[in-house]
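Participant: One structure, as structure tokens, below. Some questions next.
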Amino acid sequence: MLAGKDMGKTGEIEQVSPKTGKAVVGGINIAVRHERQTQNSRGGRIAKAMPIDLSNLALVDGNGKATRVGFRVEDGKKVRYAKSTGEAI
């Protein structure tokens with residue numbers, strides 16, 4: 001994560017919404033939501049990962065640092081690569 005209250009933390013992307021330009025990352029941008037008790041759930045205060053704007057996220061390379069992504073053609077196929085290390089993703 002590049003900005004916000006959880007800056008510097010890393011996590012797995014769980015869901016991406018291209019239409020809104022946001023993603024949900026596990027363990028980052030956690031908010032507490034109050035849910036009513038129903039027959040199927042106990043309810044109470046439940047921690048939930050909230051969406052983050054894609055501009056505040058970056059991929060992590062093999063060294064554990066944030067990197068930008070580039071594109072190049074290898075063997076006739078277009079591949080993504082980490083600009084900091086040059087290795088294919």
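The values are calculated or read from the model by the stated rules, or taken from the named source; none is laboratory data. Note that the structure is a prediction, hence the values are computed from the model and not measured. Using ideal geometry, Cβ is built from the backbone for each residue, glycine included, and neighbour counts are taken over all protein chains shown. In case anyone asks, the SASA skips ligands and DNA or RNA and just uses the protein heavy atoms, side chains included. Shrake-Rupley method; radii C 1.70, N 1.55, O 1.52, S 1.80 Å.
Participant: Given the options Thr38, Thr67, name the one that is of a type in the set (Val, Ile, Thr) and within 17 Å of the chain's Cα centre (by Cα).
Facilitator: Working: Thr38 fails: within 17 Å of the chain's Cα centre (by Cα).
Only one candidate passes the filter, namely Thr67.
Participant: Sticking with this one: Please return the ranges of strands (runs of 3 or more DSSP E) entirely within region 16-89 where 1 or more residues are exposed (fewer than 12 other Cβ atoms within 10 Å of the Cβ) and not polar (S, T, N, Q).
Facilitator: On the way: elements: 22-25, 30-35, 44-49, 69-74, 77-82.
The qualifying strands (runs of 3 or more DSSP E) are 30-35, 44-49, 69-74, 77-82.
Participant: Cβ contacts < 8 Å: first residue under 16 Å from Val60 (Cα atoms) and free of Cβ contacts under 8 Å to residues at least 12 places away in the same chain, restricted to region 1-18; second residue open to solvent by less than 100 Å² (accessible area, probe 1.4 Å) and not small (Gly, Ala, Ser), any location; separation 6+ or different chain. Result?
Facilitator: Listed pairs, sorted by first residue: Met7/Met1; Gly8/Met1.
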